[in-house]
Amino acid sequence: MSAPHTPATPPGPPQDLGFDPEALRARYRAERERRIRPDGSAQYRATGGEFGYYADDPYADPEFTREPLHDRVDAVIVGGGFGGLLAAARLRQAGVESIRVIDKGGDFGGTWYWNRYPGIHCDIESYIYMPLLEEVGYVPKWRYAPGEEIRQHARAIARHFGLYADACFQTQVSELRWDDAESEWVVGTDRGDRIRARYVITSTGTLSQAKLPGIPGIESYRGHTFHTSRWDYDYTGGDADGALHKLAGKRVALIGTGATAIQVVPHLAADAGHLYVFQRTPSSVDLRDNRPTDPAWAASLRPGWQRRRMENFLRVVTGVRTDQDLVGDSWTSSARLQEKLIPTNAYGDVPPEDRERLYEIADFQKMNEIRARVENVIEDPVTAEKLKPWYRYMCKRPTFSDSYLQAFNRPDVTLVDTADTHGVQRMTETSVVVGDTAYEVDCVIFATGFEVGVSGILSGQLPVYGRGGVPLFEAWANGPRTLHGFSTHGFPNLFQLGPLQNASSVNFVHVLDEQAQHVAEMVAEARKRGARYVEPTAEAQDAWLDALAENAPDLLAFQAECTPGYYNNEGRPQKRNAYADGPVAFHDLLRHWRANGGMDDVLVEAEDA
Ligand code: NDP
């Protein structure tokens with residue numbers, strides 16, 4: 001599974017390209033204009049209020065009750081997905097004994113707890129995506145693991161690190177309040193808990209709240225309806241492997257064609273009486289090539305293999321020189337194009353004046369391949385035209401499937417293109433309307449994605465009060481202020497994990513692990529020094545923000561030309577403060593910081609001071 005990683009070779013002169021870049025640019029602009037909406041992100045509706053039932057937990061016991069907790073633990077972790085699990089595991093390894101993970105779901109798993117739709121798989125290789133494999137002693141069964149295997153692995157991590165005994169599920173943290181006198185946090189929840197903790201770590205996810213399109217008449221639809229992140233198997237029958245037998249004879253509408261829909265469609269196509277797929281923007285659909293794990297390969301793995309593989313992937317996809325490509329899949333083969341998603345200045349080997357031109361040509365070539373694949377697979381030329389994506393590769397999350405496009409060759413699947421009407425136009429009591437046609441359906445499934453960055457402390461949805469009762473929202477009135485994205489002056493012993501003022505990757509769980517290890521080491525150091533609290537100085541925080549601002553990667557021009565979607569705030573991109581040299585350099589920076597007196601940048605007051 002290893003192949004040499006060679007940098008993209010510069011293309012020949014324009015006449016050798018076999019396509020006209022200017023014509024493609026014009027087509028991309030025209031397709032973007034077809035889809036841009038004046039209401040931008042305001043076109044969506046939250047799954048709250050009258051639509052609250054779309055967010056109900058289908059897996060947990062609705063009758064569950066328990067007495068409120070009024071106790072004390074060393075650390076509270078808000079969120080039981082992989083970020084929270086990694087934080088807990090790394091704290092445990094650092095010697096922290098009482099750890100309470102709190103999650104609004106009924107178990108560990110986060111994304112993989114909520115999303116159980118048919119066909120669900122991770123689109124990053126499981127050997128580098130599923131964390132702590134060596135610690136837990138597990139090798140995934142498939143190269144790209146199904147969601148249930150990933151969810152079970154999350155549970156295995158929790159068992160391995162003894163996290164179940166103190167965990168609180170079906171519990172939403174409603175307030176974090178620092179108690180100056182006791183130097184600890186008081187964690188309030190919607191179950192009346194008041195839990196005291198020396199440390200709090202939040203990892204509440206970035207795409208965690210389902211959203212619905214604000215289609216006129218959506219509330220009047222009387223048929224069955226749900227969102228993909230709350231799949232209703234009572235209605236469809238079957239499970240995540242498909243066999244949705246209760247859909248036999250039913251007319252089903254699926255709205256949306258993003259990364260989720262790509263995995264769902266083959267199963268709906270196989271089992272529904274008739275499937276209507278309502279598409280606004282086609283995804284790019286590349287090869288998947290999933291296969292079972294080779295037992296001989298698994299047996300050959302040597303200690304430290306997972307970290308080496310994760311780090312190698314990160315280097316390849318962020319353009320850091322390396323001799324090998326251990327993963328060798330569609331992500332690593334399109335590595336250069338990902339600079340447009342992951343801010344990084346790491347491709348320093350190409351002269352700046354040539355970079356943009358070379359990237360654009362490589363992008364056109366990649367997208368030509370993707371469009372050629374559509375033509376090869378789809379039998380009906382009109383349908384094939386509708387399924388071709390006309391934008392640059394990283395304008396949307398790339399997708400991978402060997403059965404999605406094929407589903408549109410079935411006579412019982414209809415693709416309904418909604419680009420010219422900016423999405424589905426209307427819903428009635430019984431139908432979904434586009435143009436002159438009302439599609440009468442028994443069920444409408446929304447594969448319409450998630451709100452971005454609305455959970456936890458970033459949005460103010462989880463109120464946080466720091467030293468002197470100051471609300472975090474007030475301290476961040478002019479935008480978040482952090483050291484490395486994790487901690488904020490005035491909010492001692494509080495750490496948040498996520499892609500804020502630091503560096504990210506498509507293999508986000510790897511990034512979360514680096515963050516969790518960093519936080520755990522800070523906590524361990526504070527405990528070693530007998531410290532009352534860990535808190536960045538205002539100077540260290542300002543210096544970090546200045547350094548980010550000076551070197552910030554500018555992706556606005558690229559994103560402004562992209563087709564609308566959540567990557568570019570529906571066509572209105574906003575500047576993001578990210579670490580320009582990419583995640584490999586950022587992780588080195590954190591290690592260097594820890595080894596070279598970084599803890600002096602955080603206030604650490606001795607217990608008896
Ligand atoms: P997305 O936001 O990617 O897709 C939403 C879809 O709904 C888009 O196709 C959008 O069209 C469409 N849509 C929205 N409003 C309307 C409307 N009014 N009429 C018609 N269509 C509409 O959500 P997903 O759930 O697919 O994916 C979200 C993210 O979750 C992914 O980007 C990825 O990060 C993650 N994910 C990861 C997976 C993995 O394997 N790791 C698997 C699945 C998801 P348009 O594009 O025109 O806006």
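So here's what we get for this one:
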{"quantity": "Restricting region 401-430 to residues that are of a type in the set (S, T, N, Q) and touching a residue at least 40 places away in the same chain (Cβ under 8 Å), the residue that is surrounded by the most Cβ atoms within 10 Å (Cβ to Cβ)", "calculated": "401"}
{"quantity": "Region 269-288 - residue that is assigned to a strand (DSSP E or B) and farther than 22 Å from residue 398 by Cβ and, of those, nearest to the ligand (Cβ to nearest atom)", "calculated": "276"}
{"quantity": "Residues located in region 576-603, provided they are open to solvent by 40 Å² or more (accessible area, probe 1.4 Å) and outside any loop (DSSP other than H, G, I, E, B)", "calculated": "588, 589, 591, 592, 594, 595, 600, 601, 603"}
{"quantity": "Residue in region 63-73 that is out of contact with any Cys (no Cβ under 8 Å at 6 or more places or on another chain), crowded, with 17+ Cβ neighbours inside 10 Å, at pLDDT 95 or above and not basic (Lys, Arg) present", "calculated": "yes"}
{"quantity": "Filter result (assigned to a strand (DSSP E or B) and either within 13 Å of residue 538 (Cα to Cα) or open to solvent by less than 20 Å² (accessible area, probe 1.4 Å) (or both)) within region 471-495", "calculated": "483, 487, 494, 495"}
{"quantity": "Any strands (runs of 3 or more DSSP E) falling wholly within region 154-268 and containing at least 1 residues that are open to solvent by less than 30 Å² (accessible area, probe 1.4 Å) and of a type in the set (Val, Ile, Thr)", "calculated": "173-179, 184-189, 194-202, 224-227, 251-255"}
{"quantity": "Test: residue in region 49-58 that is open to solvent by 70 Å² or more (accessible area, probe 1.4 Å), part of a strand (DSSP E or B) and over 19 Å from residue 423 (Cα atoms)", "calculated": "no"}
{"quantity": "Top-ranked residue of region 86-113 - restricted to ones that are within 16 Å of the ligand (Cβ to nearest atom) and open to solvent by 10 Å² or more (accessible area, probe 1.4 Å), ranked as nearest to residue 530 (Cα to Cα)", "calculated": "110"}
{"quantity": "Residue within region 90-103 that is among the aliphatic types (A, V, I, L, M) and assigned to a helix (DSSP H, G or I) present", "calculated": "yes"}
{"quantity": "Boolean, residue 465 is assigned by TED's automatic domain parsing to the domain that holds residue 181 and in contact with a Lys or Arg (Cβ under 9 Å, 6 or more places away or on another chain)", "calculated": "yes"}
{"quantity": "Criterion (away from the ligand (no atom under 16 Å from the Cβ) and either within 14 Å of residue 509 (Cβ to Cβ) or of a type in the set (Lys, Arg) (or both)) met by exactly one of 159, 151, 143, 116", "calculated": "159"}
{"quantity": "Region 437-480 - residue that is small (Gly, Ala, Ser) and more than 19 Å from residue 494 (Cβ to Cβ) and, of those, farthest from the ligand (Cβ to nearest atom)", "calculated": "438"}
{"quantity": "Residue selected from region 381-393 under the condition in contact (Cβ under 8 Å) with a residue 60 or more places away in the chain and either hydrophobic (A, V, I, L, M, F, W, C) or open to solvent by 50 Å² or more (accessible area, probe 1.4 Å) (or both), by the criterion nearest to residue 29 (Cα to Cα)", "calculated": "390"}
{"quantity": "Search result, residues across region 516-564 that are open to solvent by less than 10 Å² (accessible area, probe 1.4 Å), of a type outside the set (A, V, I, L, M) and under 30 Å from residue 394 (Cβ atoms)", "calculated": "518, 562, 563"}
{"quantity": "Condition check for residue 456: surrounded by fewer than 17 Cβ atoms within 10 Å (Cβ to Cβ) and farther than 23 Å from residue 224 by Cα", "calculated": "no"}
{"quantity": "Residue check for residue 83: at positive phi, crowded, with 22+ Cβ neighbours inside 10 Å and either within 18 Å of the chain's Cα centre (by Cα) or within 14 Å of the ligand (Cβ to nearest atom) (or both)", "calculated": "no"}
{"quantity": "Qualifying positions in region 125-140 - within 16 Å of the ligand (Cβ to nearest atom) and either surrounded by 24 or more Cβ atoms within 10 Å (Cβ to Cβ) or in a helix (DSSP H, G or I) (or both)", "calculated": "125, 126, 127, 128, 129, 130"}
{"quantity": "Residues within region 141-150 that are of a type in the set (A, V, I, L, M, F, W, C) and open to solvent by less than 10 Å² (accessible area, probe 1.4 Å), tallied", "calculated": "2"}
{"quantity": "Leading residue by the ranking (nearest to residue 334 (Cα to Cα)) among those in region 266-286 that are hydrophobic (A, V, I, L, M, F, W, C) and out of contact with any Gly (no Cβ under 8 Å at 6 or more places or on another chain)", "calculated": "285"}
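Conditions (1) within 15 Å of the ligand (Cβ to nearest atom); (2) in a helix (DSSP H, G or I); (3) modelled with pLDDT of 95 or more, marked per residue:
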| site | (1), (2), (3) |
| --- | --- |
| 391 | yes, no, yes |
| 394 | yes, yes, no |
| 406 | no, yes, yes |
| 415 | yes, no, yes |
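The values are calculated or read from the model by the stated rules, or taken from the named source; none is laboratory data. Remember, it's a predicted structure, so these values are computed and weren't measured experimentally. Virtual Cβ from ideal backbone geometry, glycine too; neighbours counted across all protein chains shown. Quick note on the areas: whole protein, heavy atoms, side chains included, nothing else; ligands and nucleic acids left out. Shrake-Rupley method; radii C 1.70, N 1.55, O 1.52, S 1.80 Å.
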